[in-house]
1. Report the longest stretch of the chain that contains none of the GluC sites (Glu not before Pro) sitting in a DSSP loop with at most 13 other Cβ atoms within 10 Å.
2. In nm, to one decimal, how far is the modelled label at residue 137 from the one at residue 89, with both set 7 Å along Cα→Cβ?
3. From the mean inverse distance of alpha carbon pairs (Kirkwood) and the Cα radius of gyration, derive Rg over Rh for the stretch 222-311.
4. Which residues' amide hydrogens lie under 5 Å from the amide hydrogen of residue 104, considering only partners 5 or more residues apart or on another chain, with H built in the peptide plane?
5. Which number do you get for Rg(Cα) / (2.2 N^0.38 Å) in the stretch 128-168?
6. Under a no-solvent Debye model with one identical scatterer per Cα of the stretch 23-99, what's log10 I(q)/I(0) at q = 0.13 Å⁻¹?
7. Summing Lys, Arg as +1 and Asp, Glu as -1, what charge do residues with Cβ under 11 Å from the Cβ of residue 148 carry, residue 148 excluded?
8. Could you tally the net charge around residue 120, taking each other residue with its Cβ under 11 Å from the Cβ of residue 120, Lys/Arg +1 and Asp/Glu -1?
Amino acid sequence: MFRCYQNIILSISAVILCLVLGTPANSFTTSAKQLILVDAKTGEVLLEKNADELMHPASMSKIMTVYLAFDRIQNSDLNIASRCKISPKAYNTGGSRTFLEIDDYVTIDTLLKGIIIQSGNDASVALAECLSGTEENFAKLMNEYSIDLGLNKTNFLNSSGWPNENHYSTVKDIAILSKKLIENFPQLFAYFSEKSFSYNGIKQPNRNLLLNKLDGVDGLKTGFTRKSGWGIAVTAKRNNRRIIVVVNGTNSSRARMSEATNLLNWAFNQTNQKLLKDKNQIITNVDVWLGNKSTVNLISDKKIISTLSFDQEKLLTSHIEYIKPISAPVIKGKEYGQLFINIQGKPTIKVPLVAEVDINKINPIFRIFAAIKYLIFGNSLDEKK
């Protein structure tokens, strides 16, 4: 099924994508077998199609290979100047290549550029062997990281994405991985924005052609196998807002770029991040039973930001639920109610409401008068000082 949040018609690769606010997938067609569109700040899914369906990630697997290397560089004595010896296995790996030579010593920096820019399978194997001894050991480490990162439907058997029926992922998991890499390694992420790389006298452009064509695009990775089709995980940042899209199963390189382009443009042009409630914002003022103050403010205990289409912003509704009257003593920070925010096409957001201040019980002498007043007039009695 496919969820969508805006009354528009979006053309994707000569296929019409009809996005009707709050309606199901029967209004949607696309050449992609799987896709997901995510707001990187809020983590909200803006659009999805078969996002949890198992697929072969192909060279998008290299995002995890790079993630492991970045983690070692950032948290150990490994650095980009460290050198790795190129094995016969790395040299003989098929598919896209950086054109490494057997027994050469190559820097981590070179291998990262070979993987990210040239999609070099030889560079992926060389890096895996350098960091873990064997590619098999490295794949085990990839899967350990997958568990830690919450990639629930992913299993890696190699560092390059070489086809194997037991090497799989989902576009949702690839989006989660991409988001974590961007967040955890902001400086090293700059590798992904380099447009070309030369090694061994051979210059190759970045496989992510959107780097040269679409505003704000600054990285991630393409993938292709005959079985899985053409895919891409790509991210763009405009006006301090970042979007991630993962598309897989299109029928050509041009199709994957076209769909990713239109999805990114739709996200930036037709949706917006909105602060719904700020932390400690006063939501309502409620009566207090038998307190030394007659009312207390209930405040939001957290900041709520959501990504909305323009139509959704107009249709926002909310209501408050609490048991009244609230009996003293009232404890600051304790939850006494909930705010429910209703957004068409999305799950209801529940916001705990907590007391802004402490309120003590009134002394026994005043309790009888307060009880009588509350029963007659409906509010409590302030204790006079």
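Any read-out appearing in this document is the output of simple, stated calculations on the displayed coordinates, not a laboratory observation. No experiment lies behind these values; they were computed from the predicted model shown. Counting neighbours? That spans all protein chains shown, and the Cβs are built from the backbone with ideal geometry, glycine included.
1. 166-385
2. For residue 137 paired with residue 89, the spin-label model returns 1.0 nm.
3. Result: Rg/Rh = 1.34.
4. 86
5. Values: Rg = 10.0 Å, N = 41, 2.2 N^0.38 = 9.0 Å.
For the stretch 128-168, the normalised Cα radius of gyration comes out at 1.11.
6. Here the Debye-derived log intensity ratios amount to -0.71.
7. Numbers: positive: 180; negative: 71, 144.
Counting the neighbours of residue 148, the net charge comes to -1.
8. +3
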